[in-house]
Amino acid sequence: MVKIVGLSGSPRKDGNTEILVKEALKAAKSRGAETEFVSLAGKEIQPCQACYTCRLEESKGECAIEDDLAEIFEKFKEADGIIIGSPVYFLTVTAQLKALFDRSLVLRYGKGKVKGKPGIKRTPDFLLSNKAGGAISVAGSTGQQLTILEILKWMVFQDMVVVGNEFDLGTNARAGLKGGARKDKAALQQARHTGLRVAEIAKRLNPGKITG
Ligand SMILES: Cc1cc2nc3c(=O)[nH]c(=O)nc-3n(C[C@H](O)[C@H](O)[C@H](O)COP(=O)(O)O)c2cc1C
């Protein structure tokens, strides 16, 4: 059975991003995937300090900063597909999600083995390589596509295989007040599409794991 992890990058618990990511996961589950929801709300996610410890053998593939991110990265590593949702904050992803993206340098150089130049690997490990990915964004008015692009760019840069939506690059929702996404039927439909596509591609990339 493939595993799909859905992450909400909103600091607001029970917010619109959470509603949409959970809707996508429900759809992925209906395609026979095991699913897990993860939220950045209430989590301590510090920004990257550019110490480059992640490129050294002594890092053993772990970021030098000790906070809540290590657990999330472990879930990403175990997943066959990753769905990331973010509210639009000033036409881009939240600061929390950007911090996660920057800190994910460790997932490109993450096995703690040094090849090439001393201390710096020549060939990145790309620990998220070939995982399926899809993006979700919600805004009070505008900026969803720019935000979806930020997420997809990160996924491509991590060597993942991204899916789009029928008429957009990802799930593009409009809602401002908490819970508003529940009323956006078109966005909920798009979120289900994102979930189904990520599950479908994850299954194609992992034929040995198909059970349903
Ligand atoms: C700091 C901040 C910046 C925001 N920037 C934008 C923006 O640029 N464009 C927009 O349409 N909405 C913006 N919003 C509104 C949120 O995107 C919107 O309320 C969204 O539904 C929040 O999702 P959530 O409930 O998952 O947190 C902003 C909200 C906050 C708190």
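Nothing in this text is a laboratory measurement; each read-out follows from the coordinates by a stated rule. Since we're looking at a predicted model, the values are computed, not measured. Here Cβ is always computed from backbone atoms with ideal geometry, including for glycine, and neighbour counts include all displayed protein chains.
With charges set only on the Cβ (+1 for Lys and Arg, -1 for Asp and Glu), what does the dipole of the chain come to about its Cα centre, in debye to the nearest 20?
It comes to approximately 460 debye.
Rg to Rh for the chain: what is it, with Cα atoms only and Rh by Kirkwood?
Reported Rg/Rh, Kirkwood definition of Rh: 0.98.
So, in Å, what gap is there between the alpha-carbon centers of region 190-212 and region 1-51?
Cα centres, region 190-212 to region 1-51: 16 Å.
Sequence gap at least 6, Cα distance under 8 Å: using those rules, report the relative contact order of the chain to the nearest whole percent.
Contact order relative to length: 27 percent.
What nm distance separates the two modelled labels at Y52 and E78, each placed 7 Å from Cα along Cα→Cβ?
So the two model labels end up 3.4 nm from each other.
With r as the distance between the Cβ atoms of Q189 and I210 and R0 = 30 Å, compute the FRET efficiency 1/(1 + (r/R0)^6) and round to 0.05. Intermediate results must be reported in sequence, preceding the final value.
Details: r = 25 Å, r/R0 = 0.85.
After rounding, the FRET efficiency stands at 0.75.
Only Cα pairs under 8 Å and at least 6 apart count here; give the relative contact order of region 1-84 as a rounded whole percent. Walk me through the numbers on the way to the answer.
Numbers: 117 pairs, mean separation 35.0, N = 84.
Computed over region 1-84, the figure is 42 percent.
Checking the cross-link filter: which aspartates and glutamates have an alpha carbon closer than 20 Å to that of K26, excluding same-chain neighbours under 8 positions apart?
The reachable aspartates and glutamates, counting only those whose Cα sits under 20 Å from K26, are D14, E18, E34, E36, E78, D80, E166, D184, E200.
Provide K183, K98 in ascending order of the number of other Cβ atoms located within 10 Å of each residue's Cβ, fewest first.
Exposure proxy ranking, most exposed first: K183, K98.
Any chance you could run the full-extension gain for M1 through S141? It's 0.36 nm times the residue separation minus the Cα-Cα distance, nm to one decimal. Write out the running numbers ahead of the final one.
Values: separation 140, 0.36 × 140 = 50.40 nm, distance 3.80 nm.
Full extension of this stretch gives 46.6 nm more.
Where does helix 69-78 land angle-wise versus the long Cα axis of the chain, in degrees 0 to 90, nearest 10?
Between helix and principal axis, roughly 80 degrees.
Which angle between 0 and 90 degrees, to the nearest 10, do you get for helix 185-205 versus the longest principal axis of the chain when only C-alpha atoms count?
Helix 185-205 sits roughly 40 degrees off the main axis of the chain.
Let me know the charge dipole size of region 1-93 about its Cα centre in debye, to the nearest 20, where only the beta-carbon of Lys, Arg (+1) and Asp, Glu (-1) is charged.
Working: 12 positive and 16 negative charges, 100 e Å.
Dipole magnitude for region 1-93 comes out near 480 debye.
Given a cut-off of 27 Å, name the pairs among K178/K209; K13/K183; K22/K153 whose C-alpha atoms lie farther apart than that in the structure shown. Display every interim value, and only then the final one.
Details: K178/K209 37 Å; K13/K183 18 Å; K22/K153 22 Å.
Those over the limit are K178/K209.
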